[in-house]
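Structure, as structure tokens:
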Amino acid sequence: MNLMSQTTNILKSNNIRLDKRKGQNYLINQGILSRIVDSAELSPEDTVLEIGAGIGTLTIPLAEQTKKVVAVEQDNKIAQVLKKRINDLDIRNVEVVVGDATRIDFPEFNKVVSNLPYKISSPITFKLLEHDFDFAVLMYQKEFAERMIAKSGEKNYSRLSVMMHFCAEVQMLFEVPPSAFIPSPKVSSAVIKLTPDKKENACGDDIFIRTSRALFQHKRKKVGNALLDSFHEIRKTDKQTAKTIVTGLNSDIINERAVNLNPEEILEISKEIRSVLDKLED
């Protein structure tokens, strides 16, 4: 039985209707599934975290090659179907966790392999990067994946691009068409390899994170104006203090448009802002 027939039969026999709004798009292309598993370079020593496990399309082949799979699924009805499949197949190295992946505490893992629910792409990516692991093979909406690797001045350049520059190495592996899922999403997808790489510890720097957010809320404006308009994102203070801080920054940078700054320049701005804030608090 092919993957599409198997999936539709499981869903029908359990009276499950997938909800696109919850990101329930199930992979039915065996070739794509195999490429994802192969990309994870699995070994019997691996403990793999899977987010959005669904009925086990990816979970089961992962379990065949690893020490353990922690399969997180928010929908309790679907999670029970997954548990029954695992039990029927006598698979004993899968732990099914029922809950919201953005809220639960993750157990230890060294790899992540997931067809992520697209609505949690950003929060779950940053949550994963709070942990120490070898690498992740993740499927995202194609546009989101392109934002992860975009460079300054490019169409998809965003706060996400800046954060990924300092937090991880991102490699686009391959694209996935809408026809590879049921129900078919309206957008194409992409599988990426994400390897943690916390350069200069900027990834966990609160002022850097807040400065990036402030800049990209007004990314078409000049840096000085963008920071003034959103300085509350960095630190709550009066307008005059914010203006004093911003006008004292590197003049060559504050007259540039925020979208044209490279990640290192944004980090430099955040360091200047931190230095002034520290002096004000002394």
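What follows draws every value from the coordinates through simple rules; no lab data is involved. Since this is a predicted model, take the numbers as computed values, not measurements. Reconstructed Cβ throughout: ideal geometry from the backbone, glycine too, with neighbour counts over all protein chains shown.
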- prompt: Mind ordering 25-37, 94-106 by average Cβ neighbours within 10 Å, highest first?
  reply: 25-37, 94-106
task: Taking the Cα centre of the range 117-261 as origin, work out the dipole magnitude from +1 charges on Lys and Arg Cβ and -1 charges on Asp and Glu Cβ, in debye rounded to 20.
output: 660 debye
field: Degrees, to the nearest 10: 76-88 long Cα axis against longest axis of the chain
entry: 50 degrees
query: Contour minus end-to-end for residue 247 and residue 169, with contour as 0.36 nm per residue of separation and end-to-end as the Cα-Cα distance?
result: 24.7 nm
query: Under a Cβ-Cβ cut-off of 12 Å, what is the net charge of the residues other than residue 119 that fall near it, where Lys and Arg count +1 and Asp and Glu count -1?
result: +1
task: Have a look at the DSSP beta bridges in the chain and tell me what percent are antiparallel, nearest 5.
output: 50 percent
query: To the nearest 10 degrees, how steep is helix 30-39 against the longest Cα principal axis of the chain, on a 0 to 90 scale?
result: 60 degrees
task: Quick one: check the C-alpha center-to-center distance for the range 42-88 versus the range 264-282, whole angstrom.
output: 45 Å
query: List the aspartates and glutamates whose alpha-carbon lies under 18 Å from that of residue 83, not counting same-chain residues fewer than 8 positions away?
result: 50, 64, 73, 75, 95, 100
task: First measure r as the distance between the Cβ atoms of residue 1 and residue 213, then evaluate 1/(1 + (r/R0)^6) with R0 = 41 Å and state the FRET efficiency to the nearest 0.05.
output: 0.30
- request: Could you pull out the pairs from 155/221; 186/219; 111/186 whose alpha carbons sit more than 19 Å apart here?
  value: 186/219; 111/186
query: Under a point-charge model restricted to the Cβ atoms of Lys and Arg (+1) and Asp and Glu (-1), what is the dipole moment magnitude of the range 3-199 relative to its Cα centre, in debye to the nearest 20?
result: 820 debye
- prompt: Can you give the charge dipole size of the range 205-281 about its Cα centre, rounded to the nearest 20 debye, using +1 on the beta carbon of Lys and Arg and -1 on the beta carbon of Asp and Glu?
  reply: 380 debye
query: List the lysines whose alpha-carbon lies under 19 Å from that of residue 279, not counting same-chain residues fewer than 8 positions away?
result: 236, 239, 243, 271
message: Suppose we take every Cα in the range 3-199 and form the convex hull; what volume per residue is that in Å³?
response: 109 Å³
- prompt: What is the chain's relative contact order, in percent, from Cα pairs under 8 angstrom and six or more apart in sequence?
  reply: 14 percent
task: Could you state the angle between the C-alpha long axis of helix 3-13 and the longest principal axis of the C-alpha atoms of the chain, as a value from 0 to 90 degrees rounded to the nearest 10?
output: 80 degrees
field: residue 256-residue 67 FRET efficiency (beta carbon distance; Förster radius 45 Å; 0.05 resolution)
entry: 0.35
message: 7 Å from Cα along Cα→Cβ at both residue 229 and residue 100: what's the point-to-point distance in nm?
response: 3.1 nm
- line: Among 182, 30, 79, the residue whose Cα sits farthest towards the positive end of the charge dipole of the chain (+1 at Cβ of Lys and Arg, -1 at Cβ of Asp and Glu, taken about the Cα centre) is 182
